[in-house]
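A.B. asks: Questions regarding the structure given below will be posed in turn.
Read-outs throughout are calculated quantities, based only on the coordinates presented, and are distinct from any laboratory measurement. Keep in mind the model is a prediction, meaning the values are calculated, not measured. Note that we place each Cβ from the backbone using ideal geometry, even for glycine, and neighbour counts take in every protein chain shown.
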Amino acid sequence: MQPQNSTQRKEQRIPGSIGAFTAFGIPIRFHFTFLLIVAFLVVIGFQDRPSAADDVVFIVALFASVLLHEIGHALVARYFKVRTIEIVMFPIGGVSRLEKTPPPHQEFWIACAGPLVNFIIAGGLLGGIALTNPKMVGLATLTNPTDANLIERIAYGNLILAVFNLLPAFPMDGGRILRSVLAIWKPVEEATQIASSSGRALAIALGLYGLLSQQFLVMFIAFFVYLGAAQEGQAATGRSLTHGMPVRLAMITKYHTVSHGDTVGDAAQLMLQTSQQDFPVMHGGNVIGLLDRNALLRAIANEGSDAYVAGVTDHDPVRLSPDTDLDEAMTVLGESGNPCALVMDGEELVGLLTRENLSEFVLLRKIGLPPPRPK
């Protein structure tokens, strides 16, 4: 067993993502909703009209540009020694998951890298067209999808991607650039709140425009922009209320454990008799893992109540030191997908940290309750 005096992270995929291939050592995955785009391309491809094939190529080229955009983020992050866990492609764009939030001066360059890739693609394509046939370059060709201007459409599509991502609002790259610049004069949490508010305002404006013009795709994009901005704002609030406070202030210190030789039926009875839903699994005096509520219910449904706890125990749960910053612990729980972490002082189990009691701690801090004194 590894020493437990430091934070240990379990990296999990974004829910619903499917592994596909690797580029530059980075896993590239597709969200299951990406199949909607594939189906759309198939439908377009079978349509009997001159521009159908061009439309398919154009959409595929734009998604390739989005992927290159995300790889640009990842490579600059790698330069700053920040690893990219994965890149996930969604129907409306891509997401690069970094192992940690970089400091503002690094975030600025990482955020700039994506739009810069799109500008380079657009500049290269338009430059090539200008050298071979200067008369072809013109905005009017965007409304006339023919073989003659397909490359130009791809170029202008990249320009639009770059400009849209540079809007100074979360969750776009421009919002991260704005935060990194504001962080020169303001605390990071305050800078995040400003960029988040800008994102929500932009989403509302986009939504109203989409509603009035009956552009449902714009409304769809506005919804996700608002959701991303709101999540960033909530995360910033949580960080501001937990930064500098150790896990020991929020951990559960009164809890029940189960033995590896108990049955899942025994654990289920304990769950009914208490308010606890996640149980440390013990072997003698040693902690060997964690039994969470979902694993317990699956075991009862699939194997029956006589199955042993040892067979469904997570032997590699998230482990935190009691001195870990709650800000970091919040990030660890969020990225791991686990509802509970073991709090270990060396080899000794001293508490549990769940998402629920962490949320309650943040709520109490928000309404003005001072943090408890460490015991």
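A.B. asks: For the pair Ser197 and Phe21, how long in nm is the line joining their label points, each one 7 Å along Cα→Cβ?
C.D. replies: A separation of 4.5 nm, rounded to one decimal place.
A.B. asks: Here's something else I'd like to know. Among rounded, prolate and oblate, which fits the range 273-314 when a ≥ b ≥ c are the square roots of the eigenvalues of its C-alpha gyration tensor, a/c under 1.5 means rounded, and a/b larger than b/c means prolate? The partial results should precede the final answer.
C.D. replies: Values: a/c = 2.03, a/b = 1.33, b/c = 1.53.
Oblate shape, in that a/c is at least 1.5 and b/c is the bigger or equal ratio.
A.B. asks: If you add up the charges near Leu167, with Lys and Arg at +1 and Asp and Glu at -1, over every other residue whose beta carbon is less than 12 angstrom from its beta carbon, what do you get?
C.D. replies: On the way: positive: Arg176; negative: Asp173.
In short, 0.
A.B. asks: Explain nothing, just the number: relative contact order of the range 177-242, from Cα pairs under 8 Å at least 6 residues apart, as a whole percent. Mind dumping the intermediate values first?
C.D. replies: Working: 63 pairs, mean separation 23.4, N = 66.
Once normalised by length, the contact order is 35 percent.
A.B. asks: Here is a follow-up. Going by how many other beta carbons lie within 10 Å of each one, how would you line up Trp185, Trp109, fewest first?
C.D. replies: By the 10 Å Cβ count, ascending, the order reads Trp185, Trp109.
A.B. asks: Let me ask something else. What does the charge count around Asp306 come to, taking other residues whose C-beta lies under 12 Å from its C-beta (Lys +1, Arg +1, Asp -1, Glu -1)? Each step should come with its number before you reach the end.
C.D. replies: Values: positive: none; negative: Asp262, Asp266, Glu303.
Here the count lands on -3.
A.B. asks: I would also like to ask the following. Test of understanding: what is the full-extension gain from Thr257 to Arg83, defined as 0.36 nm times their sequence separation minus their Cα-Cα distance?
C.D. replies: Numbers: separation 174, 0.36 × 174 = 62.64 nm, distance 3.59 nm.
Length gained between Thr257 and Arg83: 59.1 nm.
A.B. asks: Could you order the peptides 282-291, 122-131 from most to least packed, using the average number of other C-beta atoms within 10 Å per residue?
C.D. replies: Highest mean packing first, the order is 282-291, 122-131.
A.B. asks: Taking the Cα-to-Cβ direction at Gln269 and at Glu360 and moving 7 Å from each Cα, how far apart do the two end points lie in nm?
C.D. replies: It works out to 2.6 nm between the two label points.
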